Structures are given as structure tokens and as C-alpha cells.
Amino acid sequence: MGSLIFDVQDVTLRFGGVVSLNNVTLHQNRGEILAIIGPNGAGKTSLFNSLTGVYAPQEGTILFTNSQDKSISVIGKKPFRVSNAGVARTFQASRMFSAMTTFENVKIGAESHRGLGVVGAMLKGPATRRDDRNSDQATKELLEFVGLTSQANTIAASLSYGARRRLEIARGLATKPEVLLLDEPAAGTNPAEKIELAQLIRRVRDEMGVSILLIEHDMKLVMSLAERLYVLNFGSVIASGTPDEIRANPVVIEAYLGSADAGVAEETK
Amino acid sequence: MLIVKDAVVRYGAIEALHGITFEVKQGEVVTLLGANGAGKSTTLRMLSGLHAPSSGTITFEGNDVTKVKAHMFSSMGISHVPEGRRIFPQMTVQENLEMGAFGRKDNYDEDMERMFTLFPILKERRKQLGGNLSGGEQQMLAISRAMMSHPRLLLLDEPSMGLAPMIIDQIFRIIGEIRDAGTTVLVVEQNAAQALRLADRGYVMENGVIAFSDDAAKLLHDPRVRAVYLGESVD
Amino acid sequence: MSYFSSHFATLGHEFWGLLVGGIANGFIYAMVAIGYTMVYGVLRLINFAHSEVFMTGAFASFFLLKFLVGNSTPNAFESVVYLIAAVLIGGIVGALVALLLERVAYRPLRRRSAPKLAYLISAIGASYFLYNFVGKEFGRINLSIDAPYTNNTVFTIFGAPVQTYYIVIFFVGVTMLVTLDRLVATSKLGHGIRAVAQDAETASLMGVNIDRTIALTFMLGGFLGGVAGFLYSIPVGAVYGMGFTPALKAFSAAVLGGIGNLRGAVLGGLILGVVESLSVAFVSGAYIDVVAFGVLVLVLLVRPTGILGERLGRSA
Amino acid sequence: MKNFFGNPRLQRYGRTLLILLLIIVMTGPEGNGSQPTSGFTGSFGNHMSFFGFFYPQRWVVFVLLAGIIYGVISSVKLTVHWWRNRAIFRGDTYQRISRTVVATKRRSRLKSTRLGFYALGLAFALYFPHLVTDQSWQTLVVQDVLVYLLLALGLNVVTGFAGLLDLGYVAFYAIGAYTTAWVTGSLPTPPPFGVHWNTFVAIPVAIVFAMLCGVLLGIPTLRLRGDYLAIVTLGFGEIVYLFINNSYGITGGSTGTNQIPFLSFHLGPIKYLWGLIPEPYYYLTLAFVVIFLIVFSSLEHSRVGRSWVAIREDEVAAESLGIHPLKYKVMAFAIGAASAGFAGVVTASQTLFVTPPTFTISFSINILVLVIFGGMGSIFGVVLGGLVVQGFVAYLTHSPPSVYNAADLYMYLGALLVVMMIYRPAGLFPSRRRLRELHLIEGGVAPDTLQVEIGAHRVQEDV
């Protein structure tokens, strides 16, 4: 504990004249559940994309440090390299392989870090078969872990929202990451699913030791789950702290409910 | 003016709106509130023909417009400022405004001048490419572009998204002016307080349905609104 | 060393003649490239069947000129009239074929938002159908065009003769390209095309009918492609598979200039025409077609967005 | 008036009429460009007739034919309607998806049916030469059907599995064939180490050569969008053609070579020579087809196959899982190239000659038709589709009916491609997965991988 897993310094990302991230500095400790919140268009997903190599910010540094104390600089690395280094993610509008079954989706995650092995694949040699069995086993365990065993052979596109989210988490975990980035995992799920999801996320951290970085709009979920939060608004970090600190911060309330809301908040109390 | 009855919208296998009913009266500003993914944008997209409802009806000024194609709406008097502004990035400010008047056959120079008085910054930038404007300028451009077709109903999708508070204030002031000049406005907002102070009435959406509605003044103090946004439980 | 010096000597010797020929070819490539670039702009697709638009334009003009000129020798006035008629018929038939392509090979797929692979395959199928169909109907032989003028040397530049043919190409090419550029930059139709290219959904919110705009885009590109086919066929004649190579080059030109960019297509076409022409000094005649392809691969490797960049729907 | 023309029934009749006209024209006599208007001015029986419009007997035949086809199609449709519950049988995506979901549950049954098909097919194939003793037929089956199947199976890896459109496929086939000629010492270029090698030696050499060319072409171009790849491969095919057609000193130029020796086997006491009789070649090629089938099936269901599906379905998501998209695409491309190179050896060693006209781009289109017709990505479909199309082509070549002219083959194949894309884009015997993907893409549920946006300027804002 205590060591940094993500260290983001002064990151700025622009698209044409639009500044998507403005001088963002933040860090995540190993083993922490960290949340990033902020209104629509605040740059949260841009931040995620920068952390995973999808976007390359024009300025700043992003350092990812794995458990062997090896650091890599994320900016300029392709997404698959970042993934191989130990960063897994889910997407805002969940991007499963929709025409595959649940099982196949997770299995792809479990296999993705191996070498090519074409000849083995064509001839189905014993090593290939053993690999395949191991992936099957790992997949089964992960499906069990997220509670999707009964839907293993369902086509991903026909899963419910809640199940899709869990599938994406399982698929990400299959790559054996050290940190899991979740982009609005609760979007579109119903209240019961949200509770299950929160439990699952906590179990991922507690039982698998994977740090969690979370973007979420559902405040109830975030506040109950996160140990620390950063608040983004128009591309900049405007506040950070524990859930209680954030809840009481007038700057945050203003960002969410509008400039007049400090007053509204008082009136409703 | 606008009446929506039991409208259902699907994206592929997923139902995004589960039958919503609401109306907008002549001369009003109505706001649709709700958390992310509640179906606000989908509602607006449905109202401008970008996504036809799979059931239900939409009536505008007495005409059934449920099945009308998107490109017909602007000439019927409905203009839509889409989410994320959607400025034509490789067109100049002036060309963007001209696009707004695409369906018009009369002279629109006067309207363009009016837009330039409303947003003087656009006049300064009229030769610049839309893609090179800042977020706030793009939003102003998007609104003026929509106003170029002389709409009787203006649909605004999150005009404050990603903008600094000062700019937001300015944009809301202009929306007020637009209403005063006689255009009915339906605005989708995250910035609840701002929107409610401007609006006459508000609808609050949750998970693809309209959860409740009321006069804006009352909603402003309704704890349920706060709960929707900040995830607090209502005691 | 001596290899290159001798080739450069050849080049020096024939430079101006090659340059004139290259620019003429460049105009033809540019006019075809415009078709690729415009369709690419609105659909984000390469119209593989554009080569057949080129071919049908040439055939249409061939038939018209056969009918008009026959065995006569037209006088100066007749020459001009026949030429304009041939250009128009080539363009109109090209536009109609392009429209037909859009209707048959593209629109049904667009209606059900098919994956892009399907469009490519459909367009390739249409291309093969069309050119073999023309081969079947009009014979698989080279039909020589009855040019409505006598190909004289009009004047010389640094000793290089400039013939009537080149004058025709310069004149028609410049007129077409400038007209198109103005049309797209200033007309309502042009605005619609550019808006669809940049953001089709928002364009429809502004009242642009996307289907109609796409069809008109195909027709505009088809018109220029058809005219280019006619110009190309004047010295070499019309034959059923004639579109393949020049179209591949024109596509390279479009990519070279920056696909989706009208002026880029013109610039790319001219550069490609000149480079290809000058390379005659270094590359043997049989392999001259390889030059354009080499340029294409090089551009894709070094700067896939082309010289002027991919400016979808930008006027300038 | 607008409403009248907008009437869907009228439009349908209009379309049918148009197709009919087209068929009449397509099967009409050859036209002649130097007398283009003779059809309008000349006598009706004149075979210079423009478009073959003026053959009344053809009209009658085709109206009848169209009527029969129309009747058959409608009755089949009606039966299907009756058979399935009408309520489920609505066209919208949601229900199509749920139908495909149900369909997967039948998969295991399907698999055994498929195996049964293969066994039956193999038995039939083994017996085939005894059934058809006509040697010209046997030769046709080897050269026009089995070799094409090899090629189609290879292209299916590129286009079907990895979703890449390779129009220069023929180039690798040519590389294989010319490598054979080179290795056996039949070209103007001296063979490697001056030895006239046995034809079997050409197999590994050709595979490596073709693969190498595939990788070299693939690495720069596979980074690009799918449509660029298509046109670059098209250009590559053309270049290889130009090269073999013009390099007299290297490839023998336009005359090629006809000096390639028979396939022979000489290992100690065992000697075998494949001579002029087609039957041994038939069995050899059949064996190759079976090997391809087995190898590519296991490839499809391996980690590699799944990675291709992942990249095809959602490249961004696949990359976020650590899959290197370029590596897998290049690999698919290389495997396709190697297969084509191998098929080139098979052809060259059977026909004993190689000449440039075999290796025009049209050939790639022919192979593409086989893959599309059967069903991209479905090995079973490609085999079945290949047999149907190439079997028919072989029949037409062997005993052409009066309305068919061999030169028009590509006109029909082109039309077939368009018709397939409009009505059956997944092919006649599609793989379940491919069908599902198609429905999901068309329903807007899954992203279209070819549609990946390029310019960052289009990414305006993330929400």
C-alpha cells in the first residue's frame, strides 16, 4: 500500500479548438478504489482514453507502475501495449463482442496475452490443447466470480444491461490486470443490479487485489464505493477528497446543480 | 403546440424510451431534467425525426409528425441544437449559419445580422472554421445556426455541456431572449438550477420514463430533483 | 552514375514535351479523382465502379461522334459544336450511370445500414458486370474515336509541340474543375454536399435531404468522370476494360492530394500526371503504370492523409 | 402522382420488369460497336442487333421463366410464413436477434449434421471418377473446381475470418505457379543452385515466397482502412501481372512456359509419376482440399480464430484486451497468400504450363464470388458454394448452351455479387456467427469495424 499505480501530471488534451483535458494532475494508490466524477462533457472519458493509450495527450506525463515496481509511460503507447502492461478497462457504452457468447467474450480476454501460435492452432498440438483447457478453466472461474455461469452460452447482445457490465468486468479481469478502469458501469442498470455491481466491484479489489478506477454518474453508488474522488469540470480537476468532503464541497454542488444551487441546497435542508 | 403521446423508442434490441407523454405549449420554456442515460437526448432526437418512435404519436401544431423524416422538420418550424453542438468543423462560421437557413428560399441576411448582434463574438470569427472555435463559441454558433430557420419550436440538448459558468450564464440569458422574441423552447439540461430558473415547467426523466413534472419554480425546491442528481436518498 | 546521367540527358532533351503531356493526363486524372473524392466525402467509401463511369462516358461520346462526324471533315464551327456535344453526352451518360450505380449497388445497402465490406463487394460486382456487359454489347475490340478536329501543332513551348488535343483537354478540364469548385463552394447543392460530408445527421437537421444529396454527388462525380473518359479516349479509342488503369491512377491521385478534398484531387491528379510522364525517362514503357501505384503506396506509408489533408467537405 | 409511383407494389413490378429486361439483354447475342445502331435500323433477324431486344422468341421464353421463378419463390415464402409463427416472423432487429439466439441452441445438432454432410461428400468425391469416366470432365473438375476450392478456402481466411478484402489474391497464386516453374528449372531464370528440382520441392518454396510477399505487402497497408487495402491489393495484382507479362528474361513474358515436369515421387524403391491421366491428380488435389478443410477449421475454432472475430467485431475493444490488431491481420493475410501460393503449385504441376492470362485480376473476383456465394467465414458454406458455382461454370465450359458465351462469365459473376449483397449478404450457407454479426451491425447494435473513424477532428467531445 501507499505506492502509486497511476501518476498523472499536467495532462492536456485538445481536439481542434476544444480543450478536452486541461492540466489534469491526479494519482491513484495501489489497491485503492478511486472515482472520477463530473458533469457531462467534463472530460472523464477523455481521461480514460488517455490512460489506456487510445488518445495521446499533447502535454503532460502518465506513469503506470506495476507491482514489480516497473514503470511505463502510457502516452504514445498503443492500447494493446498498455493492456499487456496490466491495465484493463470497460467502455461507457459497453463494447462486448456482441455476436459472441458470454463464454467466448471472456475467453478472448483470457487468451489475448499469449503469443500468436498459428501453427499450433492449425495442427491442434498438445500444447495448444492444454492452453485451451487452461483458458476454459480461467473463463469458468471468472464467470462464476461475476455470477454469469448460467448465461455462459447466451449471445452477448441479448444480455441485460447489468449482465453486460459484469461480462465486461470479467473480460477485463481475464487479462490479469493490476488496475481495472470502469467507465460508467452502472449506466442503464436497475437499482437491484446496482447493489450487486457495487458488491462485485468491491470483491474485485478485496479478493483479486486489483485497484479500481471508476467513472460514474450514479452518486449513490460512487459515494458508497469510492475511497477517494476527483471531480472534473470543463477538463480540469476542481476538487478531490473523500466522499464526505466532496459531498460538502460547494464547488462540486455548483458544478452539478448550477450556480444558484448552494442556495437551493440550503433551502431543502 | 407539441403533444407527445406514449412514445416508445428502441435502439436495436434495447428500448430507450418506455412510452413517454408530455406537451409543450406555445410560448413556454420547458425543460427535461434527469441523470445521464435517463432518455433525455433520445426524446429530443425523436422530436426531430432522427429516431422514429416504434409506437406512440407526436403532434406538432395539430399535424401528426410521427413519421416525418428528419430533413423536413426544419421547414416545419422545429429546429434542433444537437448534443455536443455538432458544428460543421470544416465550414466557416458564416457557412455554418448559412446551413441553418438551408431550407429557406427568402433572403436571410437580416437574420444573420440579428445573430451577430446576439453573439458579437461570432461576427468577429465569421471567417474562421467552426472546428477551431472554443466550446462556448461553438455552442453560440449552434444556437444561432438553429435560429436561422426561424423555428417556432427550438430544441436544445444540453447547451451548458462542458462550458465554464460565465459562458453558461450568457447562453441562458440568450435563451431567455429567444423565448421573449416568441420562440417556444424545449431544453434538455443537466444544469438543473439554471434550467429551472429560466423555464416555466419541467419534466424529470428517470430510466426512460417521465418520473414526475411540475412548475419550474416548484421543482427548483423539490428534494426529488436533488436526489436524482446527487444520488441522495429522499427522506 | 552513367545510368542516371544518360537518363537525365533524355529527360532534359524531352522535358517540355513530357511536361505538356503529363499535365494533360493530369487533368484527366484530376477529373476522375474528383468523382472518387466526392463519393468518399459523403459515404466514406471508395466507389470501385467509378472506372465504369469513365468507360461509359467514352462509349457515349464515341457513338455520338460516329453519328455526327462519320466520314466528314467538320469545319471549325462544327468542330466546336461537335466537341461540346461529345463532352456533354459523355458527362450526361457518366452521370446517369453513376446514378444507376448509386440506386442499384449502394442505396439498397444503405437502407439497411449494411457493413462497409458489403458496399465494396457490391461496387466491385457492379464494376465487373458493367464492363463485361459493355464488352458484350459493343464488342471486345478497340473502337477508334472520330475526333471532330484535326490534330495539328498549335504552338510550341521550348521546342515542344502543343497539339490541338492538349488545348482541348486544358480548356475542358479547367472549365469543368473551376465550375465544380465554384458549385461546391457557393451553391446550395454544394453546401448540402459539404454538410453531409462533415456530419450527415446534423445536415439532415438543417433540412438537407441526405438521399438526394448523395445521388447528386454521384451524378456530379459521374459527369466529370464521363467527360474524362471521352477526353482520354480521343487518341487511344474506347474499349470495354479501358477504365481500370486510369481509374486506379486517379484514385492514387485522390489519395495523394488528400481524399475528400476537391482541390487536393486536382493537385494530386496534376502531380501524378507529370510524375508519371517524366518517369518515362527512367522506367520502361511496359512498367509505366507501376509508377502511379508506387506513388500510392508511398503516400499511404508516409502521409496517408495526402498533401492537403483529408478535409471532408471543405470548400478550399 | 407521386403517391402512384411510390406504390410499393408498382415499384416491385417495375423492378421485376427491369431485371427481366436485363436478363434478356444479358443472354442476347453479341453486339457490335462499329454498327451500333443496326438493331434499330436493320432487320429483326439480323444478328448485329442492338442489345438483342428484337428477338420475340426470347421474350416469350423469359416471361415464362420469370413467371415460374416468381411462382416458386412466392410459394416457398408462403410456406415459410405458414411454418413459422407469424407473430415472431417480423423483420425488426430485436426479433431477429432473439431468433439467432435460439438458433445457437441448435448448434450442436447442426454440427453433427454438418459432419454427416462432410462424410457423405467425401465418400461421393472418392467415388466420383468412377461415376464420370469422361476424362475431359475429370480434368475440368480438377482444374476448375478443386483448385478453385483450395483458393476459396484460403481467401476465406482473409476475407471471411479477418474481414479483409483482398482483391490481389491472384498475385499470390501467380507467385506460387511461377515459383514452381522456377524451382523446376522451366523459366529463363536459372533454378536455385542450378538444380532442376522435383516439383514437390516447389511446395515449401512457393508457400514461403507467397507468404513473404503477403507480409511485405500487408505490414504497410493493413494499418489502413479496409477500402484502401482493397485498392492497394488490386494494384499489387496488376503489378504482378505486368511483371510476369513483360519480363521476358525472367518469367518468359507473355508466352510463359510449358516446360514444367510432371509431379513425381521417387523415394528409394517407391516411385510414382503423375502422368497425363487426370484421375491421380484428382485424388491428390482432393487430399489437399481435405487437408485445407481440417487445418482451417481448427484455425477457426482456435485462439487465433477468436482473435480475428474479436478484431472484426470491435477493434477498439479487442485492442483494449491486449490483442495486437495489425499482427493478426498480417497473419491472416499471410495465411491467405500461402494458400494461394500452394494452389499455384498444384495448378502449375497439373497443367504443366504457366502463362500470364491466367493471372488477371478477374481471377480474384471469381474466387471472391465463391467465398461470398457460399457465405463469408463459413468453411462449410465456402465448400458448398464453391462446388455449386464452379460446378456450374465447369458444366458451362464443358457443354455451353447456345445463350452462353464463355467470355461473358464475368458479367454474370459481377451481377451475382451485386445480387448477393442486396438480397443475401451473408451468403447462401452462412455461418451462424457471421449472420448474427450482420444482423447486429444492421440493427445498429454492434459497431462496423471498417467504419473506424480516422480523423481525430471528428471526435468532438466525449460524453
All but one of (1) at the interface with chain D (Cβ under 10 Å from one of its Cβ atoms); (2) in contact with a Phe, Trp or Tyr (Cβ under 9 Å, 6 or more places away or on another chain); (3) in a helix (DSSP H, G or I) hold for residue A:172, so report the exception by its number.
(2)
Confirm whether residue C:76 is surrounded by 24 or more Cβ atoms within 10 Å (Cβ to Cβ) and either touching a Pro at 6+ places or on another chain (Cβ under 9 Å) or farther than 18 Å from residue C:268 by Cα (or both).
no
Looking at segment C:181-196 only, could you name the residues that are within 19 Å of the chain's Cα centre (by Cα) and surrounded by fewer than 21 Cβ atoms within 10 Å (Cβ to Cβ)?
C:181, C:182, C:183
Qualifying residues in segment B:26-80 (those that are free of Cβ contacts under 8 Å to residues at least 60 places away in the same chain and part of a strand (DSSP E or B)) - the one most open to solvent (accessible area, probe 1.4 Å):
B:64
Please verify whether segment B:189-212 includes one or more residues that are buried (at least 21 other Cβ atoms within 10 Å of the Cβ), among the β-branched types (Val, Ile, Thr) and within 16 Å of the chain's Cα centre (by Cα).
yes
Taking the condition farther than 29 Å from residue D:414 by Cβ, at pLDDT 90 or above and within 14 Å of another protein chain (Cβ to nearest Cβ), does residue D:299 pass?
yes
I'd like to verify a number: residues in segment B:86-97 that are open to solvent by 10 Å² or more (accessible area, probe 1.4 Å), farther than 11 Å from residue C:195 by Cβ and out of contact with any strand residue (DSSP E or B) (no Cβ under 7 Å at 6 or more places or on another chain), how many?
1
Scanning segment C:111-126 residue by residue, the ones that are facing chain D (nearest Cβ under 7 Å) and under 20 Å from the mean Cα position of the chain (by Cα) total 3
Would you pick out the residues in segment B:110-127 that are open to solvent by less than 100 Å² (accessible area, probe 1.4 Å) and not aliphatic (A, V, I, L, M)?
B:111, B:113, B:114, B:116, B:119, B:120, B:123, B:125, B:126
Can you tell me which of D:310, D:334, D:348 is buried (at least 23 other Cβ atoms within 10 Å of the Cβ), part of a helix (DSSP H, G or I) and free of Cβ contacts under 8 Å to residues at least 40 places away in the same chain?
D:310
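Residues checked against (1) of a type in the set (Asp, Glu); (2) open to solvent by 10 Å² or more (accessible area, probe 1.4 Å); (3) within 28 Å of residue C:195 (Cα to Cα); (4) out of contact with any strand residue (DSSP E or B) (no Cβ under 7 Å at 6 or more places or on another chain):
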| residue | (1), (2), (3), (4) |
| --- | --- |
| C:229 | no, no, no, yes |
| C:234 | no, yes, no, yes |
| C:259 | no, no, yes, yes |
| C:285 | no, yes, no, yes |
| C:302 | no, yes, no, yes |
| C:306 | no, no, yes, yes |
Residue pairs meeting the criteria (Cβ under 8 Å; at least 6 apart or on separate chains; first under 21 Å from residue D:350 (Cβ atoms), in segment D:263-275; second of a type in the set (Gly, Ala, Ser) and surrounded by 11 or more Cβ atoms within 10 Å (Cβ to Cβ))
D:263/D:349; D:271/D:264; D:272/D:264; D:273/D:264; D:274/D:264; D:274/D:349
For segment A:7-20, give me each residue that is modelled with pLDDT of 90 or more and either touching a Leu at 6+ places or on another chain (Cβ under 7 Å) or among the small types (Gly, Ala, Ser) (or both).
A:7, A:8, A:11, A:12, A:13
Can we say residue D:395 is farther than 27 Å from residue D:240 by Cα and among the aromatic types (Phe, Trp, Tyr)?
yes
Please go through (1) without any contact (Cβ under 8 Å) to a residue 12 or more places away in the chain; (2) open to solvent by less than 20 Å² (accessible area, probe 1.4 Å); (3) small (Gly, Ala, Ser) for residue C:51 and return the number of the only condition it doesn't satisfy.
(1)
Residues of segment C:37-88 that turn out to be of a type in the set (Asp, Glu) and within 21 Å of the chain's Cα centre (by Cα), as a count:
1
Filtering segment D:222-240 down to residues that are surrounded by 24 or more Cβ atoms within 10 Å (Cβ to Cβ) and among the β-branched types (Val, Ile, Thr) yields D:231, D:232, D:233
Note down all Cβ pairs under 7 Å where the first residue falls in segment C:172-196 and is without any contact (Cβ under 8 Å) to a residue 24 or more places away in the chain and within 14 Å of residue C:34 (Cα to Cα), the second is part of a helix (DSSP H, G or I) and open to solvent by 10 Å² or more (accessible area, probe 1.4 Å), and they're at least six residues apart or on different chains.
none
Conditions (1) within 11 Å of chain D (Cβ to nearest Cβ); (2) open to solvent by less than 40 Å² (accessible area, probe 1.4 Å): number failed by residue C:67
(2)
Considering residues of segment D:245-301 that are in a strand (DSSP E or B) and not small (Gly, Ala, Ser) only, the residue surrounded by the most Cβ atoms within 10 Å (Cβ to Cβ)
D:257
Just to be sure before I move on: is residue B:168 closer than 23 Å to residue B:60 by Cα and open to solvent by less than 30 Å² (accessible area, probe 1.4 Å) in the structure I sent?
no
Are there any pairs, at least 6 apart or on different chains, whose C-beta atoms fall under 8 Å, with the first in segment D:391-408 and within 18 Å of residue D:23 (Cα to Cα) and the second of a type in the set (Phe, Trp, Tyr), and if so, which?
D:396/D:404
Residues B:24, B:29, B:81: which one is within 9 Å of another protein chain (Cβ to nearest Cβ) and either within 13 Å of the chain's Cα centre (by Cα) or of a type in the set (S, T, N, Q) (or both)?
B:81
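The values are calculated or read from the model by the stated rules, or taken from the named source; none is laboratory data. These numbers come from a predicted model, not from an experiment. Neighbour counts are summed over all protein chains in view; Cβ atoms, including those assigned to glycine, are modelled from backbone coordinates with ideal geometry. Note: accessible area is taken over every heavy atom of the protein model, side chains too, but ligands, DNA and RNA are not part of it. Shrake-Rupley method; radii C 1.70, N 1.55, O 1.52, S 1.80 Å.
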